[in-house]
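The values are calculated or read from the model by the stated rules, or taken from the named source; none is laboratory data. It should be emphasised that the depicted structure is a prediction, and the values quoted were computed from it without experimental measurement. In this analysis, Cβ positions are derived from the backbone assuming ideal geometry, glycine residues included, and neighbour counts consider all displayed protein chains. Remember, those area values only see protein heavy atoms, side chains included, never the ligands or the DNA or RNA. Shrake-Rupley method; radii C 1.70, N 1.55, O 1.52, S 1.80 Å.
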Amino acid sequence: MDRVEVRLRFAAELRFFLPARLRRAEVRLTHEGTSTVGHLVEAAGVPLPEVGRLAVGGRRVEPSHRPAPGATVEVSGVERPQRAPYSPLRFVLDVHLGALARRLRLLGVDTAYANDLDDDALIDQANAEQRVLLTQDRALLHRRSLGSGAYVRGSAPDDQMRDVIERFVPPLAPWTRCPACNGPVAPVDKDAIADRLEPGTRRTYDTFTQCGSCGRLYWPGAHHDRLAGIVAAAEEIAAAADVSQRTLFRYFPTKED
């Protein structure tokens with residue numbers, strides 16, 4: 001069977017997924033003539049969860065579309081802010097994103113994380129609990145069995161936090177989740193937990209909260225100012241993203257052209 005050529009034009013934000021030899025605005029791929037647009041995009045190295053609009057000849061197409069020989073496919077990145085794939089919006093993070101998990105929990109975002117889950121277990125949990133899988137493992141996002149996933153941009157936890165908030169605009173409820181286990185945190189009477197406190201802590205602090213799942217205690221200690229700074233920065237990012245979200249969904253209420 002003769003092979004045919006298709007041109008793929010990737011948006012700038014998607015090109016870092018491409019191998020170095022293909023990292024340019026237009027990629028030419030040859031195939032046997034029966035491949036779908038989705039297959040060709042992934043064959044070039046771009047995970048479909050990172051793809052927004054696909055178009056051929058200016059017309060939006062689905063990943064299952066089979067392009068004609070010589071067609072040019074425009075591949076856009078995910079529109080930001082992105083519509084939440086599940087309600088309520090919640091996440092599960094891969095083993096390399098522990099610092100991000102703690103930040104999201106600090107912000108009150110429902111975030112599952114364990115440092116000992118393999119890829120299959122992560123996908124099973126994401127699908128069973130309707131969570132978006134956040135990862136920097138591109139291979140995970142290529143797995144067809146994954147219901148919803150997203151690549152986290154940035155190497156520093158603060159940059160990763162910004163990326164997730166700007167993309168998904170999750171509702172924030174700071175100080176309501178346990179950073180260690182994701183359980184609910186609520187105020188607790190000091191007298192009820194006094195026997196668990198060090199003498200210095202008992203003398204210095206009067207306001208405490210406790211995780212309803214693991215029992216950990218929290219109070220505004222030495223790290224409070226740093227954590228409060230993280231919360232303030234996140235709320236500022238979320239406020240700006242929320243304005244963009246309301247504007248975008250007002251003028252583009254559906255996926256249709």
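Model label points for Tyr205 and Ala99, set 7 angstrom from Cα along the Cα-to-Cβ axis, are 2.3 nm apart. Where both bridge residues fall in the chain, DSSP classifies roughly 60% of the beta bridges as antiparallel.
Where in region 1-105 are there chymotrypsin sites (Phe, Trp or Tyr not before Pro) that are in a DSSP coil and have at most 10 other Cβ atoms within 10 angstrom of their Cβ?
On the way: sites: Phe10, Phe16, Phe17, Tyr86, Phe91; in loops: Tyr86.
Taking region 1-105 and a limit of 10 other Cβ atoms within 10 Å, no loop chymotrypsin sites (Phe, Trp or Tyr not before Pro) are found.
With an 8 Å cut-off on Cα pairs and a minimum separation of 6 or more residues, tell me the relative contact order of region 75-198 in percent. Before the final figure, lay out each step's value.
On the way: 180 pairs, mean separation 37.1, N = 124.
Computed over region 75-198, the figure is 30 percent.
Any idea what angle helix 157-168 forms with the longest principal axis of the chain, computed on alpha-carbon atoms, 0 to 90 degrees, nearest 10? Once rounded, one gets 60 degrees.
Which whole-number percent gives the relative contact order of the chain, counting Cα pairs below 8 Å spaced six or more residues apart? Before the final figure, lay out each step's value.
Numbers: 420 pairs, mean separation 39.0, N = 257.
Computed value for the chain: 15 percent relative contact order.
Tell me the angle of helix 224-251 to the major Cα principal axis of the chain, expressed in degrees between 0 and 90 and rounded to the nearest ten. Between helix and principal axis, roughly 40 degrees.
Between His224 and Ile193, residue separation times 0.36 nm minus the direct Cα-Cα distance comes to 9.2 nm. Other residues lying with their Cβ under 11 Å from the Cβ of Glu166 contribute a combined charge of +1, Lys and Arg counting +1, Asp and Glu -1. Rolling a 1.4 Å probe across all protein chains gives Glu79 an accessible area of roughly 120 Å².
Which whole number in µm²/s is D for the chain by Stokes-Einstein, with the Kirkwood Rh taken over Cα pairs at 25 °C and 0.890 mPa s? Result for D is 119 µm²/s. Sites listed here are chymotrypsin sites (Phe, Trp or Tyr not before Pro) in region 183-236 whose DSSP assignment is loop and whose Cβ has at most 10 other Cβ atoms within 10 Å, and the list is empty. With each label modelled as a point 7 angstrom along the Cα→C-beta vector, the His142-Val56 pair spans 2.3 nm.
Accessible area per residue was computed with a 1.4 Å probe on protein heavy atoms; Ile123 scores about 0 Å².
Once all protein chains are placed together, Glu26 keeps about 50 Å² accessible to a 1.4 angstrom probe.
Backbone N atoms of region 55-94 closer than 18 Å to the 7 Å Cα→Cβ label point of Asp124 belong to residues 92-94.
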